[in-house]
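Asker: Submitted below is the structure of interest, expressed as structure tokens.
The values are calculated or read from the model by the stated rules, or taken from the named source; none is laboratory data. This structure is a prediction, so every number in the text was calculated from the model and none was measured. Glycine gets a Cβ as well: all are built from the backbone with ideal geometry, and neighbour counts include every protein chain shown. These accessible areas exclude ligands, DNA and RNA; they are computed on the full protein's heavy atoms, side chains included. Shrake-Rupley method; radii C 1.70, N 1.55, O 1.52, S 1.80 Å.
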Amino acid sequence: MVNVEHDFHMAEGEGDWSYSKNSRRQEIVIRETKPIIRSAIIEVYTALLPKTMVIVDLGCSSGPNTLLFISDVIRVIADQCKTSEGDPVELQFFLNDLPGNDFNELFRALEKFKKSNIADQPGHAPPFYYVSGLPESYYNRLFPRQSVHLFHSSYCLHWRSQVPKGIDASRETYLNEDNIYITNTTTPDEVKQFQEQFHKDFSLFLKLRHEELVYGGKMVLVFLGRKDEDVYNGDLNQLFGLVARSLQSLVLKGLVEKAKLESFHLPVYGPSVAEVKEVVMQSKIFNMDQITLFEANWDPFDDSEGCDVHDSTRSSLNVAKCIRSVLKSLIVSYFGEAILDALFVEFRCLVAKHLEEEKTKFAVIATSLKKI
């Protein structure tokens, strides 16, 4: 069974297959949701006027996108401070991810960022800010009560705390044989277990963050979901279905044991907007100020809005690099590193064929919540 807290992290370093070099899609999503983030920062700052504003990036990873978020916060607060009287606010950032995250790479990039940030602010100094790392699962308590003003999380909350326990138990009958996520052959009982795990995890997440937020504090959460209420028609189903087919090909070639594949599931679930709203409403501890869904191409370098893929060969390589940078740690911990290259050669071929027939997109859910 996959051990999420121990095994899961994005691909380290700055090489061609690293998360740092293959997280452009996540960068675009942060830029796309900038108005929501900006609105939350301004609302919290102007309403509470804290002397020290505590901001947390949950699931920060090790690429450049966390620094993009920090930069946006500093810029917004600097603009607000121009018109406010009294002592300027100081900012305390906490960068959170699982212990396996490449925090060394992140803080090396942070040193470069600090120098460039000062250089980019001619005419006035940015607010003083301090940055700390926090290696821990966000499905645990992270902070003292009422100590955080703003939580931000981008491209993380579709990941579950664990694979549903009942999934592995039901594998004795192989009802969802060779699949690693929900497909058309997944039984209703197994689908229910994925849904219940989402409900359990997201409810716990809200409860924990409610305890840590000051009254009037906010969260901006951005994660992958699905457009369709039909759980069998989720956007992640197709993507991870191609990963499963790639693993099946390696079974046929004798590179992966069939029993090993049959016991492997991804700890993920892409909810619908209605499912997200339901959990928030049932919690009765947050107001949902905003929720929206937008789409993003599988290929992180394809910014076109049409329905055609102009170069499926190039797009399939971009998709393969992106997904490999995300799934590498889980694949290696379960199947070993020896299959990585062969797996993603198979995956790239399947993605190319898929994109020749259909330009599939991710469904991205963004929501802004306020503690009540």
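Asker: Yes or no: region 183-199 includes at least one residue that is free of Cβ contacts under 8 Å to residues at least 12 places away in the same chain, open to solvent by 10 Å² or more (accessible area, probe 1.4 Å) and in a helix (DSSP H, G or I).
Answerer: Yes, because at least one residue in region 183-199 is free of Cβ contacts under 8 Å to residues at least 12 places away in the same chain, open to solvent by 10 Å² or more (accessible area, probe 1.4 Å) and in a helix (DSSP H, G or I).
Asker: Does any residue in region 144-158 that is under 14 Å from Phe202 (Cβ atoms) and open to solvent by less than 30 Å² (accessible area, probe 1.4 Å) come within less than 8 Å, Cβ to Cβ, of a residue that is modelled with pLDDT of 95 or more and in a loop (DSSP other than H, G, I, E, B) six or more places away or on a different chain, and which pairs are these?
Answerer: Listed by first residue and then by second, the contacts come to Ser153/Gly59; Ser153/Tyr138; Cys156/Gly59; Cys156/Tyr138; Leu157/Gly59; His158/Tyr269; His158/Gly270; His158/Pro271.
Asker: Can you pull out every residue in region 5-27 that is among the aliphatic types (A, V, I, L, M) and at pLDDT below 90?
Answerer: Passing the criteria: only Ala11.
Asker: Further question on the same structure: Within region 1-18, which residues are open to solvent by 20 Å² or more (accessible area, probe 1.4 Å) and in contact (Cβ under 8 Å) with a residue 12 or more places away in the chain?
Answerer: Met1, Asn3, Glu5, His6, Asp7, His9, Met10, Glu12, Gly13, Glu14, Asp16, Trp17
Asker: Sticking with this structure for a sec: Looking only at residues that are among the β-branched types (Val, Ile, Thr) and assigned to a helix (DSSP H, G or I) in region 44-60, which one is surrounded by the most Cβ atoms within 10 Å (Cβ to Cβ)?
Answerer: Restricting to residues being among the β-branched types (Val, Ile, Thr) and assigned to a helix (DSSP H, G or I), the top hit is Val44.
Asker: Mind listing whichever residues of region 343-362 are of a type in the set (A, V, I, L, M), surrounded by fewer than 21 Cβ atoms within 10 Å (Cβ to Cβ) and touching a helix residue (DSSP H, G or I) at 6+ places or on another chain (Cβ under 6 Å)?
Answerer: Residues satisfying the conditions are Leu350, Ala352.
Asker: Then there's this: I'm trying to understand the selection: among the residues of region 324-338, which are open to solvent by 10 Å² or more (accessible area, probe 1.4 Å) and not small (Gly, Ala, Ser)?
Answerer: Across region 324-338, the qualifying residues are Arg324, Val326, Lys328, Val332, Tyr334, Phe335, Glu337.
Asker: A further question follows. For region 161-174, check the following and say yes or no: at least one residue is closer than 24 Å to Asp7 by Cβ, touching a Phe, Trp or Tyr at 6+ places or on another chain (Cβ under 6 Å), open to solvent by 10 Å² or more (accessible area, probe 1.4 Å) and outside any helix (DSSP H, G or I).
Answerer: Yes - at least one qualifying residue is present in region 161-174.
Asker: Can you name the residue in region 61-110 that is buried (at least 20 other Cβ atoms within 10 Å of the Cβ), at pLDDT 90 or above and polar (S, T, N, Q) and, of all such residues, is nearest to Tyr139 (Cα to Cα)?
Answerer: The qualifying residue nearest to Tyr139 (Cα to Cα) is Asn96.
Asker: Can you give me the ranges of the helices (runs of 4 or more DSSP H) entirely in region 220-311 with at least 2 residues that are surrounded by 19 or more Cβ atoms within 10 Å (Cβ to Cβ)?
Answerer: Correct list: 235-252, 273-283.
Asker: Please specify each residue of region 19-36 satisfying the condition of being in a helix (DSSP H, G or I) and either more than 13 Å from Leu150 (Cα to Cα) or open to solvent by less than 10 Å² (accessible area, probe 1.4 Å) (or both).
Answerer: Arg24, Arg25, Gln26, Glu27, Ile28, Val29, Ile30, Arg31, Glu32, Lys34, Pro35
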